[in-house]
Amino acid sequence: MQMNHIRFGHGKPLLLIHGIGGSWRSWSPVLQGLAQQREVIAIDLPGSGKTAPLHGETSIATLANAVTDFLDHNRLTGIDAVGSSMGARLVLELVRRGNILGSVVSLDPGGFWDGIQTHFFFGSIAVSIRLIRLIHSLGLIPALTQNTISRTLLFAQFSAHPWRLHPKVASDELHSYAASPVFDELLYNLAYGEKQQGCPAGSIGQPLLIGWGRQDRVCFPGQAKKALELFPDAQFNWFNNCGHFPQWDQPQQTVDLILRVTGKYNFKEPSIQDRLH
């Protein structure tokens with residue numbers, strides 16, 4: 001499977017996987033920091049950015065197959081990986097399958113919602129993408145992302161302080177959302193399709209950390225408890241003053257955490273009380 005990607009920096013390879021409708025540019029605030037110590041490989045998933053859609057269904061399962069094929073083709077099996085949002089759920093699926101990734105950081109993963117939270121996720125994002133497509137069709141994205149007030153309104157669900165987002169990061173993200181031909185299919189599958197599966201305790205041999213923004217308004221912080229129930233071997237990290245994308249709201253903390261988790265030394269395992277409080 002061929003995927004558009006960037007590859008730069010020096011050191012041990014590190015794979016970055018964006019969220020629904022995004023692209024490798026979603027990682028822009030942390031790329032330089034990571035590339036100082038790692039060779040960064042940031043991909044556009046099928047149907048996102050400049051990568052063509054898959055033939056047939058687009059789902060977590062088929063995206064996981066495509067990423068696995070990409071890694072095999074490029075002799076990158078066993079690479080350390082970081083995922084964001086849908087990409088965070090995707091790296092957890094690859095961890096569950098085993099023998100595909102090395103150390104993994106999963107940032108605000110989707111798939112741990114239940115009941116009304118599922119409907120809220122689907123409904124709120126469905127409304128947002130319709131609005132984004134409208135302003136894209138009117139050519140308003142550049143102007144709206146340059147303006148602090150309109151940028152804040154557009155990204156209030158995704159960032160704890162959207163007025164601080166760099167206009168180019170905001171503009172790139174909205175253009176990518178609007179252009180993705182598989183956004184609607186993926187959104188429905190994420191909400192109502194295949195359920196998030198986990199890994200039994202003691203079954204994960206490589207470091208795994210799940211990180212969550214305390215002000216996440218997409219995947220609510222309470223969902224972290226279910227994530228750790230399904231992945232009991234995972235370590236956990238809260239990002240304070242942070243929404244759904246730690247790489248946007250807390251870029252330096254995100255870089256430091258990724259480099260530490262995927263570094264050469266192991267973490268001290270925290271208690272379950274420490275992990276959730």
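Average the reciprocal distances over every distinct pair of alpha-carbons in the stretch 180-263, invert the result, and give the Kirkwood radius in Å. Show your work: numbers first, answer last.
Details: mean 1/r = 0.0692 Å⁻¹.
Its Kirkwood hydrodynamic radius stands at 14.4 Å.
In the stretch 117-186, if the dipole is taken from +1 on Lys/Arg beta carbons and -1 on Asp/Glu beta carbons about the Cα centre, which of 186, 169, 124 is farthest to the positive end?
Farthest towards the positive pole: 169.
Can you give the calculated 222 nm mean residue ellipticity of the chain, where each DSSP H run of n ≥ 4 adds -39,500 (n - 2.57) and the sum is split over every residue, rounded to the nearest 500 deg cm²/dmol? Please list the in-between numbers first.
Values: 12 runs with 120 residues, N = 277.
Dividing the helical sum by the residues of the chain leaves -12500 deg cm²/dmol.
Quick one: if the Förster radius is 25 Å, what FRET efficiency do residue 238 and residue 120 give, using the C-beta to C-beta distance and rounding to 0.05?
Details: r = 22 Å, r/R0 = 0.87.
Given R0 = 25 Å and the Cβ-Cβ separation, E is 0.70.
Which percent, nearest 5, of DSSP beta bridges in the chain are antiparallel? Don't jump to the answer; show the numbers that get you there.
Values: 5 of 29 bridges.
Just about 15 percent of them are antiparallel.
Once amide H atoms are built 1.01 Å from N in the peptide plane, which residues 5 or more positions from residue 213, or in another chain, come under 5 Å H to H?
Those lying under 5 Å, H to H, from residue 213 are 108, 239.
Based only on other Cβ atoms within 10 Å, what is the fewest-to-most ordering of 212, 163?
Working: 212 27, 163 13.
Taking fewest neighbouring Cβ atoms as first place, the list is 163, 212.
If amide hydrogens are placed 1.01 Å from N in the peptide plane, which non-local residues have theirs closer than 5 Å to the one on residue 80?
Amide H to amide H, under 5 Å and 5 or more residues apart or across chains, residue 80 pairs with 15, 102, 103.
List the DSSP H helices in the chain whose Cα atoms stretch 20 Å or more along the helix axis and whose mean Kyte-Doolittle hydropathy is at least -1.0.
Numbers: long enough: 116-137 (32 Å, 1.00).
Taking the DSSP H segments of the chain (at least 20 Å long, mean hydropathy at least -1.0), we get 116-137.
Tally Lys/Arg at +1 and Asp/Glu at -1 over every other residue whose Cβ is under 14 Å from the Cβ of residue 129; what's the total?
On the way: positive: 130, 133; negative: 173, 184, 185.
Its environment carries a net charge of -1.
Would you mind ranking 188, 177 by Cβ crowding within 10 Å, fewest neighbours first? Don't skip to the end; give the middle numbers.
Details: 188 13, 177 22.
Arranged by neighbour count, lowest to highest, 188, 177 become 188, 177.
Can you tell me the length gained on complete extension of the stretch residue 229 to residue 148, counting 0.36 nm per residue apart and subtracting the Cα distance? Provide the component values of the computation, followed by the final result.
Numbers: separation 81, 0.36 × 81 = 29.16 nm, distance 3.95 nm.
Result: 25.2 nm gained on full extension.
Read the figures in this text as sums done on the coordinates, not as results from a lab. What you see is a predicted model, and the numbers here were worked out from it, not measured in a lab. No Cβ is skipped: glycine too gets one built from the backbone with ideal geometry, and neighbour counts run over all protein chains shown.
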